[in-house]
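Beneath this line is the structure, given in structure tokens, with notes to follow.
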Protein chains: 2
Amino acid sequence: MDQKSAINELKALSTQIHTYQSIQTLLHWDAETYMPEGGISPRSEQLATLASLIHELKTSKKFEQNLKKLIHLNTGKPTALGKKLSSPEKVMVREWRKEFLKVTKLPGDFVKTFSHLTSEASQVWRLAKKEDNFQSFAPYLEKIIHLSRKKAEILGFKNHPYDALLEGYEPCMTEAKVAVFFSKLKKAILPLVKEIQKKKTIDDTFLQKTIDHDTQMEIGHLLFSKLPLDPKHSRLDLSSHPFSLALHPLDSRITTRLIPNAFISNIFSILHEAGHSLYETGLPLEYFGTPLCEAVSLTIHESQSRFWETFIGRSKSFWKYFYPLLQKKIPHLTKVPLNHFYQAIHRVTPSFIRVEADEVTYCLHVILRFEIERELIAGTLSVNNLPDAWNDKMKELFGITPPNHSMGCLQDIHWSLGDFGYFPTYALGNMAAAQIFQAMKKQFKDWEDRISSGDLAFLRTWLKENIHSLGKTYSTENLIKRVTGSVLSEKAYVDYLKEKYK
Amino acid sequence: MDQKSAINELKALSTQIHTYQSIQTLLHWDAETYMPEGGISPRSEQLATLASLIHELKTSKKFEQNLKKLIHLNTGKPTALGKKLSSPEKVMVREWRKEFLKVTKLPGDFVKTFSHLTSEASQVWRLAKKEDNFQSFAPYLEKIIHLSRKKAEILGFKNHPYDALLEGYEPCMTEAKVAVFFSKLKKAILPLVKEIQKKKTIDDTFLQKTIDHDTQMEIGHLLFSKLPLDPKHSRLDLSSHPFSLALHPLDSRITTRLIPNAFISNIFSILHEAGHSLYETGLPLEYFGTPLCEAVSLTIHESQSRFWETFIGRSKSFWKYFYPLLQKKIPHLTKVPLNHFYQAIHRVTPSFIRVEADEVTYCLHVILRFEIERELIAGTLSVNNLPDAWNDKMKELFGITPPNHSMGCLQDIHWSLGDFGYFPTYALGNMAAAQIFQAMKKQFKDWEDRISSGDLAFLRTWLKENIHSLGKTYSTENLIKRVTGSVLSEKAYVDYLKEKYK
């Protein structure tokens, strides 16, 4: 029973790591929601301490020795003992090896420094965004880019340092592959936007009427309660940037933010974050602490959020159900017929803010960030020139120039957290979501009737069965093939946009 | 420079322990405020993991070896190297030794089991209290008492197992000493209550008018903003039982609870918890991670909360300042003159709930718990008989019988958290607070004018200088002597009550 003791030791270590990560998640959640402003410096220390604790365990001799009993670290082939494992255990070992090889490359001190820096930088960014002061954030960003480049060097890459960072979020991708997808997307979307802009726009001023904080929060909680989320295991709060964080499949939290004259943003944020939350709470509890209770990749994660936000949340069926409920909360909408409302929320306009973008121009925002960050990492663009580069690309892709940096290169939190290579997964997730949506429609001929009657639970069940409950069993590519019958591609997404907007 | 390296190693270990404790505190805070109900089982795991991590460090060979270089563990006398330390460092070493001796007695598994059990038990208690179901909580309480008794045995005691537990909260106390104080208090308070009850009561129905949630929360935040708390480093939330928790001198959090028909309870809760918070945020930041940035004892902690809640919060001067502000929020109070209001909030009535008790009967609630818990720990009272014992003592001390267990023996969270020996510090804290209040009045002849003009900051400055900033430099007894000129005694408290109520 040698393989039993090795796998059990690994499970115990992995569970401990996951427990630390749960705690880390709470520290992050709190920092973004309720922590008093002045709590940031001890918070950085707390996060750095946990990060190095996790790093220690992940790189421990004990972990390595047990892993080596089951798999050959250099080839990834199972040992004689490893062959005796059950299929789920083989998946665990495969994923532990990948993680071990990656993480042993990064020195503990490096991890601690990075965690410390980004935890402070995200607070500086917050203030910089508020005060539209790029210069105050710039030195932090420079340090982060410097360390990210160092990280890429340590992790290693074949063609582009960006590959090494991208891999952390989407293992199946490289800068070159993303560039191909994104050039195809640009080619399809840019002319589509032009075409749409020629059409007459309808009145959507009713979307810009100020809705007070309490009413918006009520709408938020109403929507939250209608989604197939379990309130015993999830909650909704406010933060300056909407996000979803799960400590555990039993404790998942999403946030929204309220914009007085854009109540619709609250609704789409909640749908988006709920998609993430459904994934996390749908992971198989019995495997908590192992890779089988982890999401495949950010691409798949984002496919879940966009599935709910875009494909369900912008469907006519959803609004047939939710619009009457919304009208009860916002009396002035009773004068706006559903069709008019539906058209208005589909208005396509080049805009400054990614998270408020319509579904047609959304990917252009992601492409802009991809094109900028690969240059920042390669060193061909300096932080000083970032604001100009941003504005130039805005002009090129959208034909508009941000009035300030808060609405330009300071708008997203990601870089302050050191998340270079993260953005592309937003567009890749859109692509995957479109494919998954197509598959769902094939499966459920009556999907529109169901949704318009308020039945959303069948979607959760289907997604849970085919995606969530599988954890990291399959790779991004294999999972998409398994669920949709085809490889990851921009086609379904482009088709969806063309069909909807032409 | 051998002593330098030893003290630095100890400081580093101690700081790591404090960082883990900060994180623990956040896990507790979250569990009491925002955690989704279903998050409890992973939360228990997280807390237990941290508890064993802390225990590991506190009992580590590295800690012991460095400590031994500076102090003789058996006698507490400094070694040759230890004599070279600075005075603050000598205090650290003294306190580390005490803690080390205590904690090495408790096996790691015991600590983990205890943490696991109490984290679950506190959730069970919550529900049991809500549903008035003592039986559902009883098996947990039995286990906790069993383990607490075991803890007392492991820690060791001379006369009563309760001594060992008491020492964890108030090192200078024993069951016998407390019994003496409490019998004197009973002797003074019981006749005083009878005497007061003979007097005619004034109308206080205006205190029982329902005040809606939002208005009460507004009042809470208003009061919070008028207290000398720094909003950058503290915050106010809701929970089912008011508490104060500080992650760090820079991040302190208090909670209140809102009772629709008892708005005054919200005000006194906030004053009480603010007192705790002022202590924690007044600890010397530069010593964070060492005993110099720790509170002396729960008695001193409670002296700070009662100082604000009772001695300041129930003073005429405070209400001269705050009553007009309160009247603006609660219009029906405009018809009630200050004097009438002041008398009404000083109404003395035997009541069921400790945290809502008036300042005269408050200590009787504590005495009741002390008398019960020393018996539970000694094994002379069984959990099964607890409800009856509680009700009998209520009859004896207050002349009333609780209508249900929720308002009786299920009302406090403490036992579910395994905090046996904690309650006495509430009354000891009252005694100390009365002494500190006397000392303050001697120091500031114009204290009443200052407070009635809204100046509360001078109190914080004085308390910080004389108590907060000293951390664990002095013992409870020495600190009280230093601040007030006399030893801990019930006299000042009894005098205060007699003067105010006769």
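The values are calculated or read from the model by the stated rules, or taken from the named source; none is laboratory data. Nothing here was measured: the structure is a model prediction, and the numbers come from that model. Heads up, the Cβs are rebuilt from the backbone with ideal geometry, glycines too, and the neighbour counts pull from every protein chain shown.
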- Task: Answer yes or no as to whether A:S416 is surrounded by fewer than 19 Cβ atoms within 10 Å (Cβ to Cβ) and not aromatic (F, W, Y).
- Result: no
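Residue-by-condition table, conditions (1) small (G, A, S); (2) touching a Lys or Arg at 6+ places or on another chain (Cβ under 7 Å); (3) surrounded by 16 or more Cβ atoms within 10 Å (Cβ to Cβ):
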| position | (1), (2), (3) |
| --- | --- |
| B:K98 | no, no, no |
| B:K102 | no, no, yes |
| B:S115 | yes, no, yes |
| B:S119 | yes, yes, yes |
| B:Q123 | no, no, yes |
| B:D132 | no, no, no |
| B:Y140 | no, no, yes |
| B:K158 | no, no, no |
- Could you check, for segment A:38-48, whether at least one of its residues is closer than 25 Å to B:L47 by Cα and charged (D, E, K, R)? yes
- Near pairs, Cβ below 9 angstrom, 6+ apart or cross-chain, from segment B:408-435 (outside the structural domain of B:T484 (by TED's automatic domain parsing)) to any residue that is assigned to a loop (DSSP other than H, G, I, E, B) and crowded, with 24+ Cβ neighbours inside 10 Å: none
- Within segment A:252-267, can you find the residues that are crowded, with 24+ Cβ neighbours inside 10 Å and either within 24 Å of A:Y474 (Cβ to Cβ) or without any contact (Cβ under 8 Å) to a residue 60 or more places away in the chain (or both)? A:S252, A:I254, A:T256
- Some residue of segment B:68-84 being over 19 Å from B:S239 (Cβ atoms), hydrophobic (A, V, I, L, M, F, W, C) and buried (at least 20 other Cβ atoms within 10 Å of the Cβ): yes
- Message: Take the conditions polar (S, T, N, Q), within 28 Å of B:H18 (Cβ to Cβ) and more than 14 Å from chain B (Cβ to nearest Cβ) and apply them to A:T49. Does it pass?
- Response: no
- Note on the structure: In segment B:19-46, anything within 7 Å of chain A (Cβ to nearest Cβ), charged (D, E, K, R) and more than 18 Å from B:H414 (Cα to Cα) is listed as B:E37, B:E45
- Scan segment A:269-276 and give yes if some residue there is under 16 Å from the mean Cα position of the chain (by Cα), over 17 Å from A:I413 (Cβ atoms) and not hydrophobic (A, V, I, L, M, F, W, C), otherwise no. yes
- Task: Confirm whether B:L57 is buried (at least 17 other Cβ atoms within 10 Å of the Cβ) and either farther than 22 Å from A:R253 by Cα or within 14 Å of chain A (Cβ to nearest Cβ) (or both).
- Result: no
- Would you kindly identify the helices (runs of 4 or more DSSP H) lying entirely within segment B:272-384 that contain at least 3 residues that are surrounded by fewer than 17 Cβ atoms within 10 Å (Cβ to Cβ) and not small (G, A, S)? B:316-329, B:338-344
- Would segment B:385-397 turn up any residue that is surrounded by fewer than 22 Cβ atoms within 10 Å (Cβ to Cβ) and either more than 30 Å from B:H146 (Cβ to Cβ) or among the polar types (S, T, N, Q) (or both)? yes
- Message: Of the conditions (1) surrounded by fewer than 20 Cβ atoms within 10 Å (Cβ to Cβ); (2) farther than 25 Å from B:S252 by Cα; (3) at pLDDT 95 or above; (4) more than 7 Å from chain B (Cβ to nearest Cβ), A:Q16 satisfies every one except a single condition; which number is it?
- Response: (4)
- Verdict on B:D163 being surrounded by 19 or more Cβ atoms within 10 Å (Cβ to Cβ) and either more than 20 Å from B:K98 (Cβ to Cβ) or modelled with pLDDT of 95 or more (or both): yes
- Task: Report, by residue number, each residue of segment B:134-154 that is free of Cβ contacts under 8 Å to residues at least 60 places away in the same chain and not hydroxyl-bearing (S, T, Y).
- Result: B:Q135, B:P139, B:K143, B:H146, B:K150, B:K151, B:E153, B:I154
- Going by the conditions given, is A:G454 farther than 19 Å from A:L166 by Cα, outside any helix (DSSP H, G or I) and among the small types (G, A, S)? yes
- Select, from B:F100, B:F114, the only residue that is without any contact (Cβ under 8 Å) to a residue 60 or more places away in the chain and among the aromatic types (F, W, Y). B:F100
- What number goes with the only condition from (1) within 13 Å of another protein chain (Cβ to nearest Cβ); (2) assigned to a helix (DSSP H, G or I) that A:I264 does not pass? (1)
- Query: Of all residues in segment A:457-490, which are in contact (Cβ under 8 Å) with a residue 12 or more places away in the chain, in a helix (DSSP H, G or I) and among the basic types (K, R)?
  - Reply: A:R460, A:K464, A:R482
- Item | Enumeration of residues in segment A:277-297 that are among the β-branched types (V, I, T) and over 18 Å from the mean Cα position of the chain (by Cα) | A:T290
- Residue hits (segment B:25-53; under 25 Å from the mean Cα position of the chain (by Cα) and small (G, A, S)) are B:A31, B:S44, B:A48, B:A51, B:S52
- Unique match (being without any contact (Cβ under 8 Å) to a residue 24 or more places away in the chain and β-branched (V, I, T)) among B:T281, B:T290, B:T334, B:T299: B:T334
- When both residues are 6+ apart or on different chains and their Cβ atoms are under 6 Å apart, which pairs have a first residue that lies in segment A:215-234 and is in the same structural domain as A:G275 (by TED's automatic domain parsing), and a second that is of a type in the set (F, W, Y)? A:Q216/A:F263
- Task: Could you tell me whether any residue of segment A:77-97 is farther than 20 Å from A:P171 by Cβ, among the β-branched types (V, I, T) and either touching a Phe, Trp or Tyr at 6+ places or on another chain (Cβ under 6 Å) or more than 10 Å from chain B (Cβ to nearest Cβ) (or both)?
- Result: yes
